[in-house]
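Each remark here refers to the structure printed beneath this line.
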Amino acid sequence: MNKYGLRFNAEFLTPLISLLRPEAAYAAIRHTGRLGKGLNGPSFRFPDSTSDDAVEALVDLLNLQRRDAEEVIRRFHLIETRVLLEHLWLARRKLDYLPEIISMEDISFLDSMLRDRGPMLLLTAHSAYYFLIPWALQTLGSKIAFMMSDPRAAGADDHMLTGIDSFLELSRRIPVIFTNEGNTVRKSVELLKQGYSLLMVIDLPGHRGKGERITLLGKEFWLPSGCRWIAEEAQVPAASVFSRVQGIADPYRLSFPALPTEAGAIDLQKWAAGLEEVIRSSPESWLGWFYAKGMM
């Protein structure tokens, strides 16, 4: 329990998911959100990062009043509770639920783009909710690979521990490159040359003063530069793709603000402009509020 209200956890949600279909579970989440105080779902944690840090980042970067910023974080935690449900469904191979979780129309557009343009980098952010993109693509037969840190080795909190089974199930279906195992550029280039497209999450904390400098929300941010090395080495194009929340219980939608570039060319400022559009239209979609200071 904290100032945002009740904390749901896997002990509560496991029996819930065994009884309810997604639409019923989401309706329960919406009802809880109307109770006034809301709830604090199991959120990602970074060193020295709290909900108060995220509220301060919203106040600073979006010029929100504090109470409005606190409401964004309250909605974010509601969505995190939904994400925990989705991890449980995917770990149990309940893929028939995917159309109720993410827009398959948007996924089909992305699948067609990959088939038409050949292997490419797909650059995304920690927005709601990126891990569903490779899950949905592989159901359509896309040659997709995914780069992520291994949650088993990351000192994961409750949320990531809940997600381990779904991430491991995904790694049995498609190639997954775990960043903490090293040689990520070489492994990425090999997969791209085998015809796979690679989804990368590049809004990572801890890159202050190094890597690629971009402007986001009127501030200077730093991104890791590995995606540029991979694109140049493999001579593949790159495209931006972001997922966003439409409503607490609605399927996530995708946006494609920057379609494929020329082979080997990446414009990270255009990527940042696409992320900013997502953030301004749906600030509760972005996990980055919890670590934005570490990117500046």
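Every number here is computed from the coordinates shown, using simple stated rules; none is lab data. Here the structure is a predicted model, which means the values were calculated and not measured. In this analysis, Cβ positions are derived from the backbone assuming ideal geometry, glycine residues included, and neighbour counts consider all displayed protein chains.
If Rh is defined by the Kirkwood formula over all Cα pairs and Rg also comes from Cα, what ratio Rg/Rh do you get for segment 155-271?
Rg/Rh for segment 155-271 comes to 0.97.
Arrange the peptides 130-140, 165-175 so that the one whose residues have, on average, the most other Cβ atoms within 10 Å appears first.
Going by the mean number of other Cβ atoms within 10 Å, highest first, we get 130-140, 165-175.
For segment 103-295, what is the number of Lys pairs with C-alpha distance below 30 angstrom, counting only pairs 8 or more positions apart or on separate chains?
Final tally of qualifying lysine pairs is 13.
How would you order 180-187, 89-96, 191-198 from highest to lowest mean count of nearby Cβ atoms within 10 Å?
Top of the packing list down: 191-198, 89-96, 180-187.
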